[in-house]
Every structure is written in C-alpha cells, then in structure tokens.
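Below you'll find the structure I mean.
The values are calculated or read from the model by the stated rules, or taken from the named source; none is laboratory data. Here the structure is a predicted model, which is why all the values come from computation and not from measurement. Cβ placement follows ideal geometry from the backbone for every residue including glycine, while neighbour counts extend to all protein chains displayed. Heavy atoms of the whole protein, side chains included, go into the accessibility calculation; ligands, DNA and RNA do not. Shrake-Rupley method; radii C 1.70, N 1.55, O 1.52, S 1.80 Å.
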Amino acid sequence: MQRPHQEDFSLKETKPHLGGGKITGDKLTSTYDLVEQMQYLYVRVVKAKDLPAKDVTGSLDPYVEVKLGNYKGTTRHFEKKSNPEWSQVFAFSKDRIQASVLEVTVKDKDFVKDDFVGRVLFELNDIPKRVPPDSPLAPQWYRLEERNGNKVKGELMLAVWMGNQADEAFPEAWHSDAAAVSGADGLANIRSKVYLSPKLWYLRVNVIEAQDLIPNDKSRFPEVYVKAILGNQALRTRVSMSKTINPLWNEDLMFVAAEPFEEPLILSVEDRVAPNKDEVLGRCAIPLQYVDRRLDHRPVNTRWFNLEKHVIVEGEKKEIKFASRIHMRVCLEGGYHVLDESTHYSSDLRPTAKQLWKSSIGVLEVGVLSAQGLSPMKTKDGRATTDAYCVAKYGQKWVRTRTIIDSFAPRWNEQYTWEVFDPCTVITIGVFDNCHLQGGDKSGGARDSRIGKVRIRLSTLETDRVYTHSYPLLVLHPTGVKKMGEIHLAVRFTCSSLVNMMHMYSQPLLPKMHYLHPLTVTQLDNLRHQATQIVSLRLSRAEPPLRKEIVEYMLDVTSHMWSMRRSKANFFRIMGVLGVVISVGKWFDQICNWKNPITTVLIHILFLILVLYPELILPTIFLYLFLIGIWYYRWRPRHPPHMDTRLSCADTAHPDELDEEFDTFPTSRSPDIIRMRYDRIRSIAGRIQTVVGDLATQGERLQSLLSWRDPRATALFVIFCLAAAVVLYVTPFQAVGLLTGFYVLRHPRFRYKLPSVPLNFFRRLPARTDCML
C-alpha cells in the first residue's frame, strides 16, 4: 500500500479578504466580518394588478420571468387571476453577470406557447445599493411595457437592489447558481437553514411494587416482571423475587424523551408462564406532559397507577378494570445533561433544565468561506460533478449552508454565531454532497455522501483572534485514507468575561447529578444511542430535512465499534504518554551509571540540599514545572488542531483491517475471512491475557508478603520489618535519606550486574498461578 505524502494532509494558514476590507485596528466592523463579501443583484417580485386577459376565454394564468443574460428565474403561476401575489425573491451573483439590462416579464401560462403580457427593464448602472443594517428597500409599482416600449395595461410591484449575502432576503432567495434545480422540493433542499436539536430529558421510572395481581393460572407461583415502552425504546425489570400477587422490584429504568412529548410511557405487568410465553396481567399508559420534573437529587412523590386489562369476549375486545395497581416513582430528570455526542468531543455540557444554566462566557463566530479541490462525488449527464454544502453543529444549534451546484471549488461565504457556555467544547463542521436536488421523493433512496469533517476545540483558540485556515477534508475508505479537498474557515472565539471563563476550569465537566447519582457505563451507552436516534429522527422530519446519515456522521454514532486501526492508534497514544516516564527513567539510569560525571555530581549536590532542607522539595518541583512551562511557551501551537492521519494510523492501516472496520454489524463477510479475523483477535487477546496475568502475579506477590502462604518468606519479611522499625526509630531521617540516595547513585565500579537482594526475594514469593487450570 503506497503511503500518501504527509504534506497533503497539513493545515494551511490563509489571508482572505474578510469583511470587504473594512478593518479598523484589530476589529472588523461589518456584521458579516468573517467572510468575503459577495455581491448579488436582488429582485423581489411582490404582486401585480390590472393585468389584461390574453386567452379567448378572457382569463389569465400569470407568472413572472426574471431574466439577466443567460440566467432566467420564474415565479409560480396562478390560474385565472389578474391580481396575483407572488412575494418571491431572485438573487443573481454579480461575479457571473454578463448583461447590462435586467428584464422582468409577465407572461400568461399556455399549453402551446406562453403569451407575452408586458415587461419592465432596468439598467444595471441605475440599480441602488443596499448595505445591511439599512432597512429593506420598499417595493414600487412599475407600469408594464410592450417590446417596442409602449405602455400597456397592468402594473407590477417590484424591488430591485444590489446587496450582499448579509441581506435578510438571501436565505430564501432563488439563486442563479442553482438555475438547474427545479421544483419547490428541490429548491428547499439547497437553501441554507438553521436547525435546533429537540430538548432531551432523561426519564427515570422507579418500579417499586404491584398489588392484587390476578394471574390466569392461580395454581402456580407467578413470575412477574414489568415491561416499559417509550417510542422505540423498551426496557424491563428482572423477575420479582417475591413470587406472589404482590411482587416487589424497586428497580430503575432510564429512557430518553424529547419535547414535545408525542408518545406516552406504556407499562405492562407480565407473568412468565413458560420459557417463551408471557401473559399480560395489566397495562397502564402515562402521558409525559403530566410527569413530575426534578432539578436535583431530592426524590419526587410516589404514585399508585391502576392497571387495565383487555380480554376477548365473543370476538369483541373489552376493557376490564379491576383493583390491580402498580406503585412507581416517575420523573423527568432536569439535572442531567443528555449525552447525544461522544464525551471526547461534546459541544454542550449543560443540564436539561434551563433554570440550572449558567450565563454564557462568550461567543463563537464561524465564517464558512469556501472549499477547494473537492473530489467528484457522482456522475450527472455523463460527467463528474459535486453539489457541496456544509453542516456545522455546536450545542443544540445546527446550521446548514446553501448547496453550491456543480462546483469543485464552491464559495459559500456564510457566517454563523453560537453562544458559548463552556470553553472545553468542540464544534464540528462537515461537508457533504447533495443527492436530493430533485426533491426528496425523486432521489430514489439516495444518501448524501460525506466529503469530510473538521473538529475545532474552543479551548485551543486564543480569544479575539481570527483564525483563517484551510483544513484538509479527510475520509477513511476501505481502500485507505483519502483527501477529498480542503475547506476554508474563519473562526473567532470572543470572551465576554475572562474571570468567568477561568472559573469554568475549576467546575465539574458535567452537571452535578452525574456525580451525585451517577449512571452506569452501560446505561450511558444505551441512552446515548437512544438520544442520537431521537435527534436524527426529529431533524430528518424538518423541512428541508437534515438527513439521518448527516446527523449520525456529525455525532460519530459508530465511534464505539471495534477497529484494529483505532486500537493501534490508542496503544501508540498510551505509549506516547508513557514515553515521558520512560525518558525520565533512561535519564536517571544514565545518572546512576555516571554517563556524564558533571551532571551526576550536580545531581548529588541537589539531592544533598533537598535531604538537608526537605521543606524545599515541593517548591523546587513546582518551580521546575513553572520553568518548563515558560520555556515551552516559545514553541506553543500557533494553529488549531486538525485531523492527524499519522496519529490515527490511517496512512499505515492494512487493507484487511480497513475492510474489517467497514464491515456491517453483524458481519456480512465470508466464513473464511471471519475465521482469519477471529484467529487474529485470538492471538492479540492471548498477548493481552499474558500481560494481565503478569500484572496479577506481581500484585499477588505483594499480598503474599504478609499472608504466610510461604511461611519462611513471610517470617523473613516480618523480621526485616521489625529490624527496620528499630533502626529507623533511632536514626535521623536525613541520614537514612542520604545513605539511600548515595547508594542508588553509586559509581558503576561498586555495582554488580546481578539482580539486587530485594528483587530476588520478591521474585521468589508465591502467586496464585499454581491454582489456575
């Protein structure tokens, strides 16, 4: 496998012309100051009146055609209406304008050929310029003209102006760049949009007991459990140990619920009458709107709920109410943060309840400028093409830029803002190829393709500095890592209160309920999976939808799956962390072996001072760390971090390891490949098993020092401890420290290559390996 060049995957600093060049000092003054200004000609077609009839029947089916050179946009048409209202906006990019006259024509929709009604012409040099925050330009009535310039009956209300992408009309406008897209669904799928994640709650169902159950077979002891269902989530308690008609559980079931609460919590009490046969003893439905909400650890009141049972009588389903009840404590937990992202790169750590939110510490502004060198993602009309758009996610706010049609170097120049509540959070920005230009129903089940994503941790950014970099878009394919292009971003993190931000570093990362009443790791994994499913489902129902594959890629839903490549990367990360300890050990070994006599003598002097004046030990350590930090300040990182292929072991991964990583779950590969991979995992697990066994052996040897498993060894150790206690009691601590230190640092001439006596003694101690089968 050929290794790609590392420089292709590097981060590049850029100097774009931001904010149209309006710079005063270090601050940019425009509201759109993190993007390059893009000029557009806007045409707002409002309505028409007194249009003349064109058909033989005396009716008119009017629509408006806005034409500028080769670009042409049309409004929807109305059936038999002489006073139509459209309220549509058209935007023409100034970079692509080749004509000098704007033509706005009213036409009559016809089966054979559309009839000309009248038109209005505008010279581009006479069109006014508008710069937000100026108020919108008021539309005016314009008299329609014939092609020869004569006035005709009918007037058209228009507003025409030159503006930029900061204009409030920009998001909803028809763009000349997207002239090939047809239909309302297609146009909706290419527009920029802001989405909000649904508000998520943890729902805690504490099932305490049930009373007066009526099993169908009264001759046996009932084996009763409770099953709870919320949407597509189903959990159940264990079978009650008290096999009576009044069973006890006192067990917690945790769900994820999203506002608005659309589905009730359904509980059923069931009796296991056979291994694969369960009998429903009663059901109840609890609407979540009426469930108590708690903000802290104080328990809510318990409640009794009546159980209902349905029976079939003469072919009809009848509901029988009886005295069976279930005792529960049900509450929505507002003190937890519902994790829908990986904890390693969360963008939000606030609790669900707004009453517990702290004030924001700053503002994050991101300008999505452009992309370069995008790879072709699909084939259209026999040629390769890419229709790219960006999605950015931070906190509950998702943003989606407009889609740039058929371009490998799209320019978005859109700016977005987020409130920041914690600096130790991450913003994720992904680039995708739009496969739904003809609307959702005409795509044939196509999925938007991923082009790559970027993560930026806010704590790595300096405040009030504008970072303009071009980030590599890297995607891992079964054939290896591939650079899909570069995305150009401008990022600024502005801090409103430095004191509040510094104070955040002393606070718990998650809300306090995660520590007062922690959830288990298994619970958190299951709840995170449910949360991501709910978020992707809700956002895919928006208009236009943010599709499931986009949400799952942005939230790293598959990050917990097994990957040989990721396992290797994590192992090398651990070795990198331990490398500091190993380096210190090697340096100390060189000191002990007098590789550099001058350094060793200086260490002797320092050791002597610290032993004679032990109160200097801690100040010396902290002063040393301070000096190291100041020294490293010269080489501090100047750029934000980016995806690292070498750290991820993506550039050296074996093709079979990548094929295994992209395998489905459960597997879809052939038995021979599965057998080979199973044997490989067995060999790796065998090495891990050996290492774990060696660690256990060392720990058991420590335990056997005083366990009398080896009576002679324990006797020797006990006698040594008594002698050491007496000697240390009568000998000053400084003397013991000096003797020990000078012994460890002694010259190689006084050393032996054989192991020391304590090490020999420790290795002879027994472990429990003799008892292993």
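Which label belongs to the value computed from this structure, given these candidates for Rg and Dmax of the Cα atoms in Å: [x] 30.7, 110; [y] 36.3, 109; [z] 35.9, 123?
Computed from these coordinates, Rg and Dmax of the Cα atoms in Å corresponds to label [z].
Need one number: % antiparallel among DSSP beta bridges in the chain, to the nearest 5.
95 percent
Test of understanding: extend the Cα→C-beta vector of residue 639 to 7 Å, then name every residue of segment 465-489 with backbone N under 20 Å from that spot.
Within reach of a label on residue 639: 465-476, 481-489.
A follow-up question, please. Step through the residues of segment 333-349 one at a time and calculate ³J(HN,Hα) from phi using the Karplus curve (6.51 cos²θ - 1.76 cosθ + 1.60, θ = phi - 60°), rounding each to whole Hz and writing x for Gly and Pro.
8, x, x, 9, 9, 7, 7, 10, 10, 5, 5, 6, 9, 6, 9, 8, 10
How much length is gained on full extension from residue 769 to residue 624, taking 0.36 nm per residue of separation minus their Cα-Cα distance? Can you show the working numbers first?
Values: separation 145, 0.36 × 145 = 52.20 nm, distance 4.40 nm.
Contour length minus the Cα-Cα distance gives 47.8 nm.
Straight-line reach from residue 277: which lysines have Cα under 19 Å away, leaving out those fewer than 8 places along the same chain?
Straight-line reach from residue 277, under 19 Å: 218, 227, 243, 309.
Rounded to the nearest 0.05, what FRET efficiency do residue 308 and residue 357 have when you use their Cβ-Cβ distance and R0 = 45 Å?
0.65
Of all GluC sites (Glu not before Pro) in segment 32-136, which ones are in loop regions per DSSP and have a Cβ with at most 11 other Cβ atoms within 10 Å?
Counting only loop positions with at most 11 other Cβ atoms within 10 Å, the GluC sites (Glu not before Pro) in segment 32-136 are 79.
Is segment 470-565 best put as rounded, prolate or oblate by its Cα gyration tensor, with a ≥ b ≥ c the root eigenvalues, rounded for a/c under 1.5, and otherwise prolate when a/b is larger than b/c, oblate when not?
Numbers: a/c = 1.62, a/b = 1.19, b/c = 1.36.
Because a/c hits 1.5 or more and a/b fails to exceed b/c, segment 470-565 counts as oblate.
Specify the inter-centroid distance of segment 708-743 and segment 530-569, based on alpha-carbon positions, in whole Å.
About 59 Å separates the Cα centre of segment 708-743 from the one of segment 530-569.
Want the number for residue 252 to residue 521: 0.36 nm per residue separation, take away the alpha-carbon distance, what's left?
Full extension from residue 252 to residue 521 adds 95.4 nm.
Rounded to the nearest 500 deg cm²/dmol, what is the calculated helix-only ellipticity per residue at 222 nm for the chain, with -39500 (n - 2.57) per DSSP H run of length n ≥ 4?
About -7500 deg cm²/dmol.
Compute the FRET efficiency between residue 10 and residue 580 as 1/(1 + (r/R0)^6), taking r as their Cβ-Cβ distance and R0 = 25 Å, and round to the nearest 0.05.
0.45
Can I ask one more? Subtracting the Cα-Cα distance from 0.36 nm times the residue separation, let me have the gained length for residue 138 to residue 477 in nm, one decimal.
116.8 nm
Normalised by the residues of the chain, what does the relative contact order come to in percent, with Cα pairs under 8 Å and at least six apart?
After rounding, I find 10 percent.
At a 1.4 Å probe, what is the % contribution of carbon and sulfur to the accessible area of the chain?
58 percent
At 7 Å along the Cα-to-beta-carbon direction for both residue 672 and residue 594, put a label point, then send me their distance in nm to one decimal.
Rounded to a tenth, the inter-label distance reads 6.5 nm.
Could you tell me how many degrees, from 0 to 90 and to the nearest 10, lie between the Cα long axis of helix 521-540 and the main elongation axis, the longest principal axis, of the Cα atoms of the chain?
Computed tilt is about 10 degrees.
Kindly report the accessible area of segment 597-731 per residue (heavy atoms of protein chains, probe 1.4 Å, no ligands, DNA or RNA), in Å².
I get 76 Å² per residue for segment 597-731.
Please report how far the C-alpha centroid of segment 597-613 lies from that of segment 275-308, rounded to the nearest whole angstrom.
A separation of 70 Å, based on Cα centres.
Quick check: the distance between the Cα centres of segment 663-678 and segment 746-773, to the nearest angstrom?
Answer, in whole Å: 45.
Label segment 592-642 by shape, choosing from rounded, prolate and oblate, from the square roots a ≥ b ≥ c of the eigenvalues of the Cα gyration tensor; if a/c is under 1.5 it is rounded, and otherwise prolate applies when a/b is larger than b/c, oblate when it is not.
Verdict is oblate for segment 592-642.
Another question, then. First check a/c for segment 204-253, with a ≥ b ≥ c the square roots of the eigenvalues of its C-alpha gyration tensor; if it is under 1.5, answer rounded, and if not, answer prolate when a/b is larger than b/c or oblate otherwise.
Because a/c hits 1.5 or more and a/b exceeds b/c, segment 204-253 counts as prolate.
In nanometres, what is the gap between the two model label sites at residue 689 and residue 724, each 7 Å from Cα along Cα-to-Cβ?
Here the modelled spin labels are 3.6 nm apart.
Can you work out ³J(HN,Hα) from phi for every residue in segment 232-245, in order, using Karplus 6.51 cos²θ - 1.76 cosθ + 1.60 and θ = phi - 60°, giving whole Hz and x for Gly and Pro?
After applying 6.51 cos²θ - 1.76 cosθ + 1.60, I find 9, 9, 9, 9, 8, 7, 6, 5, 4, 6, 8, 7, 9, 7 Hz.
What lysines sit close enough to residue 49 to cross-link, taking a C-alpha to C-alpha distance under 25 Å and skipping anything fewer than 8 places away on the same chain?
Counting by Cα, and skipping residues close in sequence, residue 49 has these lysines nearby: 67, 72, 80, 81, 107, 109, 113, 151, 153.
Among 343, 276, 324, which residue has its Cα positioned farthest towards the positive end of the charge dipole of segment 214-343, with +1 placed on the Cβ of Lys and Arg, -1 on the Cβ of Asp and Glu, and the dipole taken about the Cα centre?
324
Which one, 671, 451, 466, projects farthest toward the positive side of the charge dipole computed for the chain from Cβ point charges (K/R +1, D/E -1)?
Value computed over the given set: 671.
Ranked highest first by average number of other Cβ atoms within 10 Å, how do 225-234, 686-695, 291-300 line up?
225-234, 291-300, 686-695
What is the calculated FRET efficiency for residue 384 to residue 459, with r their C-beta to C-beta distance and R₀ = 51 Å, to the nearest 0.05?
On the way: r = 40 Å, r/R0 = 0.79.
Once rounded, the FRET efficiency stands at 0.80.
Hey, rough spin-label estimate for residue 571 and residue 715, points 7 angstrom out along Cα→Cβ, what's it come to in nanometres?
4.6 nm
With a 10 Å radius around each residue's Cβ, average the other Cβ atoms per peptide and rank 403-411, 456-464, highest first. Don't jump to the answer; show the numbers that get you there.
Working: 403-411: 20.1, 456-464: 16.3.
Order by mean packing, descending: 403-411, 456-464.
Quick check: the angle from helix 617-632's long axis to the longest principal axis of the chain, C-alpha only, nearest 10 degrees?
It works out to around 30 degrees.
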